[in-house]
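Visitor: Pasting a structure below so you can have a look.
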Amino acid sequence: MIHRGAITPRIHDDADARFLSGGYLRETGSVVADGVRLIPFSCLAALKEGSISPKPYSLLLLCGPLRVVERVALSHLASSLTRPPLLLYFFTSVECRAIPDSKLTKPSVCSDYEMASTTIKIADSTPPTKSSASTSTGIGGVFPLRARSFDRRSLRSNDHERQGAEDEDSGLRRPGDYKQKQVFRGKYLVWLAYQSVGVIYGDIGTSPLYVFSSTFSTEPSYRDLIGVLSIVIWSLTMMVTVKYALIILHADNEGEGGTFSTYSLLSRYANITKRDPREASLVKMERHLTGDLYRANQKVRSGIEQSTFARGLLKTIGVLAVSMVMADGVLTPAQSVLGAVQGLDVVKPDITSAIVTGTTCGILILLFLIQPFGTTKLASSFAPIVIIWLCFNAGFGIYNLVKFDHSVLKAFNPAYAFDFMVRRKTEGWRMLGGVLLAFTGVEALFADLGAFSRRAIQLSWFCLVFPCLLLAYVGQAAYISRHPGAYTNPFYNAVPPGMIYPSLIIAILAAIVASQAIITATFQLMSQVMKLSYFPQIKVVHTSMTFQGQLYVPLINWLLMIGTVLAAAIARNTTTLGNAYGVCVMFVTFFDTCMVSLTALIVWRFSPYLVFFPWLLIACLDGLYLSSALEKVPEGAWFTLTLASVLAGILILWRFGKEQQWQAEASDRFPTTHLVTSDKNGSLRLTSSFGGDTLTTTQGLGIFFDKAGETTPTVFTQFLSKLVAAPEIMVFFHLRPLETPSIAPEDRYTVSRLAIPNCYRLIVRHGYMDEVISPDLASLICQQISDFLTRSAAPVPIRQVNFTSPTSPGQTTNVEHSSTGSSTSPTDAEKESQRRQEKLTVDLAKLDQAFNKRVLYIIGKEQMKIKPGTRILRKIPLAAFLWIRENTRTKIANLRVPTDRVVEVGFVKEV
């Protein structure tokens, strides 16, 4: 609605209703009112991508004529904001008045933004699109900046009439493009729960082999035994059941788990990271309004957003968590397999170290060679082993409880745990380093969330794994209490008579498959860091059509294999590896506690009191175990910490380089009208910014590979500006990968016409199982453009919303009607239809002629060099980034198109 008269504006707060200022807009002529800036659009000056600070804006008020280049630049700005802002656009200049301070924080269902002569009221419903019938003398509509397109089929499509036209919205952003979390029920849920047993719980499930032997160095007293058993029981309860299974598993980012996924989740609800402009449209931003948060939560979020140190700390925590899991991924397979093979000395005490090491390396190589089969096949094969192993532990525990000492059940009383810590003091604190082995592998439980699902993991944990582990530890304690010296090898010593050989076989197999948890977690985490540009894009294979989160990363698999084999060959025994194990696990669990607490405040919007006290309790437990584990640093844990630091350095180095690359490429993001214009006679020429030369038209079809899918491809800019020539028909070809197995043919292709005559953009949405690049790619492109032209020639009813100025103060006019061309006479309609058909015939003939004459696949190759005079501290990381970038790029030879039709256009950018 449009109202006359002065109506007081009501805005939620200065953060949610702040108007765009600084960088993009000159402050000259603007009116400031307590953080809110009303700016006449006549003050709009040079637009420079990336100059705006990362702060939230929900409304942008612009007054005055808005040019094409400026609208597109503002559209790209909106892509980087937390929520798409509303654009209030006026075709006539409007004088703005300051807003009273007392009105800035008054809550309201809607907001009135006051000008001297006109006020626009924004209701909660979807605003109408701008009518194509609007003229420069009327008042425009209110429309979302990201969805600024309208149906171009209503316009006359003669190329001469398109002079000065804008690029069509190519339909790059669709709700279905965002990653959707899969929800499983029924048989699929049970199947996933079954698979999760074979992957996730191999590590934590084999802990009964060594927890008591790692905790006690001498014969324990009965009181100490009960105290340690109580600590083990309540550690499993608090650290795994409560903390992870009931709380942290809910902090998933559209189904993905791990500390880094929690960081990604926070980045969708707070402005804490920069994003690749070419992939910003794939991220669903859901930042809550400030008024919807508790005051303390508001301060936490704004403090993080405004503090460079806080944003950097969160980034470092996320990266360190990934690198520490990967560092453990090098040691865990070596530790578990080596320990399993060393278990053979139970039946063959004279086995040599060389045989143990050689057998271990052979099993490790075999384990990594079978990874390409995929998570579903491996998990389904490994699950029976782990299930039998857990059932053995539960059965042995019940047997030992009944036969030896059921009084150990009193350890379920946490008072015995506190009593142990109070009595043993420092010695008891040191012994926690052995107790924490009872829940090592819990970090993989969260990281593997994407391969399964929260409900599947909870189902398998509560129904099978947790009860079996409790029975296992209680049964071992019952046996140890009656058999001195049994603590040195608690599992095998507590095995009932006649079960030693079956137990040995299943224990070795379970220890071998225990490595799968960390291997799968590493694949998941690498996929996540690549999405946020912390690692080069390498090949990721989706191994299941049904379960979309199950991945295999070939390069990481082979690197892990090399690392684990070397670790096993160098260490040769589990004691050395064990000293290096556990510290990274505790760091990751502590990071998870902090990140999920922030998620509870910013994403879940919990009361700070409801978050603080549970965080304090869990953080104290994390700190207690972490401080105990740090004693292992001089004995071997320094290796995993060093390895994790190196990996984190590589991830941060790549991210730093990508941010510098985005900044260098910012000047290349503009609409085609900024590059090419038309003369009065219809011939194409470059704009004055690029020399103003007339373009020579070459016969044929030019297919420009477009990475971004919006604005002008850089390769197109370089091709035209350097060769001063353009193909007869030009197509910008953009691939849009979606995290789904396949895209239906009717939803796969989106074609739009650009402002340049005979220039189109084709966006191809595809799933990870779809084949897109094929030798007949040119035929597919021509067919899609032909279909688009045919559809565009047909008249389509258009819904218009026209606004007219009211005739008297307080009067509201809102005219809405549908138009199908009925306002014209039948003769005019027939002429329009005939003209469209003639234009269609001409366009199709041009397309067919260009395709038959010549097809060129034009690909850009961007080289980057360091600016002269760059400081040495900046030059070194940039040089390392450029070296990695050059050696990880996709080669042209890998494209499945005729090589004799490929043209590579090289260009250089300075960083």
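The values are calculated or read from the model by the stated rules, or taken from the named source; none is laboratory data. All of these numbers come straight from a predicted model, not from anything done at the bench. Here the Cβ is made from the backbone with ideal geometry for all residues, glycine too, and neighbour counts use every protein chain on show.
Visitor: Does region 580-599 hold any residues that are without any contact (Cβ under 8 Å) to a residue 40 or more places away in the chain and either among the small types (Gly, Ala, Ser) or not in a helix (DSSP H, G or I) (or both), and which are they? Let's see the steps before the verdict.
Guide: Of region 580-599, the ones without any contact (Cβ under 8 Å) to a residue 40 or more places away in the chain are 590, 597.
Correct list: Ser597 only.
Visitor: Which pairs turn up if I take residues in region 350-379 that are in the same structural domain as Thr543 (by TED's automatic domain parsing) and on the phi < 0 side of the Ramachandran plot and look for partners that are part of a loop (DSSP other than H, G, I, E, B) and modelled with pLDDT of 90 or more with beta carbon separation below 8 Å, at least 6 apart in sequence or on another chain?
Guide: Listed by first residue and then by second, the contacts come to Leu378/Ile370.
Visitor: Something else now. Against the definition (buried (at least 19 other Cβ atoms within 10 Å of the Cβ), assigned to a helix (DSSP H, G or I) and in contact with a Phe, Trp or Tyr (Cβ under 8 Å, 6 or more places away or on another chain)), how does Val319 come out, yes or no?
Guide: For Val319, the condition - buried (at least 19 other Cβ atoms within 10 Å of the Cβ), assigned to a helix (DSSP H, G or I) and in contact with a Phe, Trp or Tyr (Cβ under 8 Å, 6 or more places away or on another chain) - is met.
Visitor: What are the residues in region 852-863 that are farther than 11 Å from Phe705 by Cα and crowded, with 19+ Cβ neighbours inside 10 Å, if any?
Guide: Correct list: Val855, Glu862.
Visitor: Here's a follow-up. Of all the helices (runs of 4 or more DSSP H) wholly in region 466-515, which have at least 3 residues that are at pLDDT 85 or above and small (Gly, Ala, Ser)?
Guide: Result: 466-482, 500-513.
Visitor: Would you check which residues across region 754-780 are within 20 Å of Glu728 (Cβ to Cβ), within 31 Å of the chain's Cα centre (by Cα) and outside any helix (DSSP H, G or I) and list them?
Guide: Result: Leu754, Tyr760, Arg761, Leu762.
Visitor: What's the total number of residues in region 349-381 that are over 19 Å from Thr546 (Cα atoms), in a helix (DSSP H, G or I) and not polar (S, T, N, Q)? Don't jump to the end; show me each part of the working.
Guide: First pass over region 349-381, keeping only residues over 19 Å from Thr546 (Cα atoms): 349-370.
Filter once more, keeping what is in a helix (DSSP H, G or I): 353-369.
Imposing the further condition that a residue be not polar (S, T, N, Q) reduces the set to 354-356, 358, 361-369.
The total comes to 13.
Visitor: In addition: Within the bounds of region 448-462, is there any residue that is assigned to a helix (DSSP H, G or I) and farther than 18 Å from His250 by Cα?
Guide: no
Visitor: Quick one: is Glu728 among the acidic types (Asp, Glu), closer than 21 Å to Leu282 by Cβ and not in a helix (DSSP H, G or I)?
Guide: Criteria not met by Glu728.
Visitor: Go through Gly441, Gly450 for me and flag whichever is surrounded by 22 or more Cβ atoms within 10 Å (Cβ to Cβ) and closer than 15 Å to Gly205 by Cβ.
Guide: Details: Gly450 fails: closer than 15 Å to Gly205 by Cβ.
The conditions single out Gly441.
Visitor: Would it be correct to say that Val731 is closer than 18 Å to Pro277 by Cα and either surrounded by fewer than 23 Cβ atoms within 10 Å (Cβ to Cβ) or hydrophobic (A, V, I, L, M, F, W, C) (or both)?
Guide: When the stated conditions are applied, Val731 does not pass them.
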